[in-house]
Structures are given as C-alpha cells and as structure tokens.
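Here's the structure we're looking at; comments come further down.
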Amino acid sequence: MRGAAFDRFGDLDVLTVRNDLPEPPVGPDTVLVRSHAAGVNPVDLGIRTGRLAGAYPHHFPIIPGWDVAGVVERVGPAVHDLAPGDEVYGYVRRDDVQWGTAAELVPAPQRCVARKPASLSFAEAGALPLAGLTAYQALTEFLDVGEGVRLLITRGAGGVGSFAIQIAVALGAEVVTTASPRNESYVRSLGASEVIDPSAGPISEQLTEPVVALLDLVGGKTLTDALTVVRPDAGHRLRRASVADTAILEHDGWYVFVRPDAHDLAELARMADAGQLRVPIAKAFPLDQIAEAQRMVGEGHVRGKVVVTL
Ligand SMILES: NC(=O)c1ccc[n+]([C@@H]2O[C@H](COP(=O)([O-])OP(=O)(O)OC[C@H]3O[C@@H](n4cnc5c(N)ncnc54)[C@H](OP(=O)(O)O)[C@@H]3O)[C@@H](O)[C@H]2O)c1
C-alpha cells in the first residue's frame, strides 16, 4: 500500500512516502476507506515528534493524519449503514496511533465516519472533520451558543477558528474574534462582526463591550486576558472553554478535547450542504509533499486549512 509513514519520532526528515506499507486490518465494525484527501492538523506534528507519545499507544511504522475523505472500499460485517462505493469523510482517531489517513487505505471505526457533504470536494471534506468537530462540540456541548449570544473566539483565522466563526454565526451568535490585520477581511468574510488585532494590545483594552461566552484557541496570556472580558449571562453557567490550554480548568471553564462522532459529522455535512459552512483551503499538497504540508502547518500562519491529496 502507498502512503506516508515514519519509523521513529523526529523532524520532518523521518516522514517518507513509500509503496510497501502493509494493508491495514479491518475489524467487524470498521469501514475501510480509500483515501482521496487527508487534512493536516497541528496534532500531526505532535505525533511525529513524539511529543504525544505518552498520550497514545503507538506502533511503528506510523502513518500520519486523522482527517480523511474518500470512498468506502470494504466494510466489516457489523457495519450496516455504509457500503462499498459510498463517499465518506471522517475524523479517524483510533485508540492506538498507527493507521493514519495519509495512505491509500484507512481503517476507520464506524463511529469516526459519516457521509461526505455532497457540495464539498474531497479536498474540502478531508480538511473539515477534526477542526470542524472541535469547533462544533465546543460551541454546542459546552458553550451552548445560540441566538443573540455575543461570543469571543481567539485565533479566528486558523482551521478551528474558521469553522467556529461560521458555526457560531449559523447558530445565531454575534462573533468577535482575534486575527492579525492581514486576516481581518478574511475572518469578516466568515461572519465575524468585530475583529481584534492581538499585536495591538490586550483584548480587554480593545473590546467594545463584554461578551457572554469565550472559545479560546490560543491559551497562555491570551486566555488569561480573554477570561476578564466574559460576563455571566442570566440562566447560564459561565460559558468559557479552551481547546488549547488546560489552565482554563482553574478558572471555572471547560477544557475541550475533540472526539470522533458520526452524528456530529452528519450535522457538519448538513451545514456545509446548506451553505452555512465553507472550507477555506490555504493549500492542497500532493501526498509526495506531505513534509511540506506539515512544515506549513508548523509555521503557524495557515489561513483556513492545509490538506494532502491522494
Ligand atoms: N483540544 C482539541 O481537541 C483541539 C483540536 C484541534 C486543535 N486544537 C488546538 O487548537 C489550536 C488551534 O488549532 P488550529 O488547527 O486552528 O491551528 P492553525 O490552523 O494552525 O492556526 C493558524 C492560525 O492561527 C493564527 N494565530 C496564531 N497565533 C495567534 C494568536 N495569538 N492570536 C490570533 N491568531 C493567531 C495564525 O494567524 P497569523 O498568521 O496572523 O499568525 C493562523 O491564521 C492549536 O493549539 C491546536 O493544537 C485542539
């Protein structure tokens, strides 16, 4: 099988594309997906460098990538709602790190996949799952974002931020976000109504009026600053969540960690097909250039998403 893989943790040079990877096992509740696109996320770099080695059991060679869009090749005997030929997309986080999405065939537990949004290309669909689910689950399960909620999202121009702005607006929220001046018109085009430049000073000194909910995608001092502008909202527990910094737990907030969820993926697909959610692709790389794709994500200035296509 052709795919990207690495045999030890390390820098970009450990990552190679090869043709001799073994075919993955397909369990009874597994969907084997022929991958057409694999989104690249900051976590892929943490896996490759070994920074997350203590968090997940891992087995070399490791194929990177947790996001996929492709076509069902085969299903295990306990999978009843998908069949060979179906177009699917998913956030394939398995219990162990080994069989990632940047390879021709991806074994996806059925909880990780749903039908691909018909209106999106494979590249767009492959860039949506991890970041889209992160945004969707934080906004709906933890922050209870709905009509009229004034919400602050730190780091609006990245993958999670780009989806969070659009989903929050679709849910009826008024979105304030942080972005550098070069990204201001971009985040406004996604629906942000107020944009704060983090290099121009603390959020608390620039915000026109307080918010009632915070989705933090930065952490550290930005989180500490952002927490000061959130006011309690009648009838609601304090609405503040971070996906970037567990320190929020010391401030009566939620640390959110994305989980694979077929139902939530179906909801994201519905939003995409309804025209409420677009997938801005900063750059699509062929599989052979996956190291370049990871380098670009590692530089930290991606606007929207980076994806690898097969
Ligand atoms: N807990 C979870 O489940 C979970 C899931 C997904 C992601 N995450 C984490 O969430 C964070 C965001 O992920 P992502 O995929 O959205 O990242 P990303 O796409 O790589 O973010 C890149 C974007 O962030 C902007 N940015 C960087 N620092 C900023 C700052 N201090 N203020 C405002 N904008 C800033 C950059 O704009 P400039 O070019 O202007 O700098 C760039 O547009 C990462 O820390 C990631 O590890 C956690």
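Per DSSP helix of 4 or more residues, -39500 (n - 2.57); summed, then divided by the residues of the chain. What does that give at 222 nm, rounded to the nearest 500?
Value at 222 nm, helices only, nearest 500: -6500 deg cm²/dmol.
With a 1.4 Å probe and every protein chain left in place, work out the accessible area per residue of the chain in Å², rounded to a whole number.
Dividing the accessible area of the chain by its residue count gives 41 Å².
Taking the Cα centroid of the stretch 217-294 and of the stretch 92-167, what is the distance between the two, rounded to the nearest whole Å?
With the stretch 217-294 and the stretch 92-167 each reduced to a Cα centre, they are spaced 9 Å.
Under a straight-distance cross-link criterion of Cα-Cα below 25 Å, which lysines are reachable from residue 116, leaving out those fewer than 8 residues away in the same chain?
The reachable lysines, counting only those whose Cα sits under 25 Å from residue 116, are 283, 305.
Please get the size of the charge dipole for the chain, origin at its Cα centre, with Cβ charges of +1 on Lys and Arg and -1 on Asp and Glu, quoted in debye to the nearest 20.
In total the dipole reaches around 240 debye.
Going by a ≥ b ≥ c, the root eigenvalues of the Cα gyration tensor, does the stretch 103-164 fall in the rounded group (a/c under 1.5), the prolate group (a/b larger than b/c) or the oblate group?
Verdict is prolate for the stretch 103-164.
Once neighbouring chains are kept in place and the probe is 1.4 Å, which whole percent of the accessible area of the stretch 1-148 is contributed by carbon and sulfur?
With neighbouring chains kept in place, the figure for the stretch 1-148 is 50 percent.
Sort the following peptides by mean Cβ neighbour count (other Cβ atoms within 10 Å, averaged over residues), highest first: 112-122, 48-58.
Taking the mean over residues of other Cβ atoms within 10 Å, the ranking is 112-122, 48-58.
Full-extension gain between residue 189 and residue 13, please, as 0.36 nm times their residue separation minus the C-alpha to C-alpha distance.
My answer for the length gained is 59.6 nm.
Set Lys and Arg Cβ to +1 and Asp and Glu Cβ to -1, take the dipole of the stretch 269-310 about its Cα centre, and tell me which of 286, 272, 309 lies farthest positive.
Looking along the dipole axis, the top candidate is 272.
Give me the percent of DSSP beta bridges within the chain that run antiparallel, rounded to the nearest 5.
Antiparallel bridges make up about 55 percent of those DSSP assigns within the chain.
Just to make sure I understand: if all protein chains stay in place, what is the order of 221, 283, 305 by accessible area at 1.4 Å, largest first?
I get 221, 283, 305, largest accessible area first.
So, taking all protein chains as they sit and a 1.4 Å probe, how much accessible area belongs to residue 29, in Å² rounded to tens?
70
Based on the Cβ-Cβ distance of residue 95 and residue 60, what FRET efficiency does E = 1/(1 + (r/R0)^6) give at R0 = 22 Å, to the nearest 0.05?
With R0 = 22 Å, the Cβ-Cβ based efficiency is 0.85.
The values are calculated or read from the model by the stated rules, or taken from the named source; none is laboratory data. These numbers were taken from a predicted model, which means no experiment stands behind them. Backbone-built Cβ (ideal geometry, glycine too); neighbour counts: all protein chains shown. We work out accessible area using only protein heavy atoms, side chains counted, and drop any ligands, DNA or RNA first. Shrake-Rupley method; radii C 1.70, N 1.55, O 1.52, S 1.80 Å.
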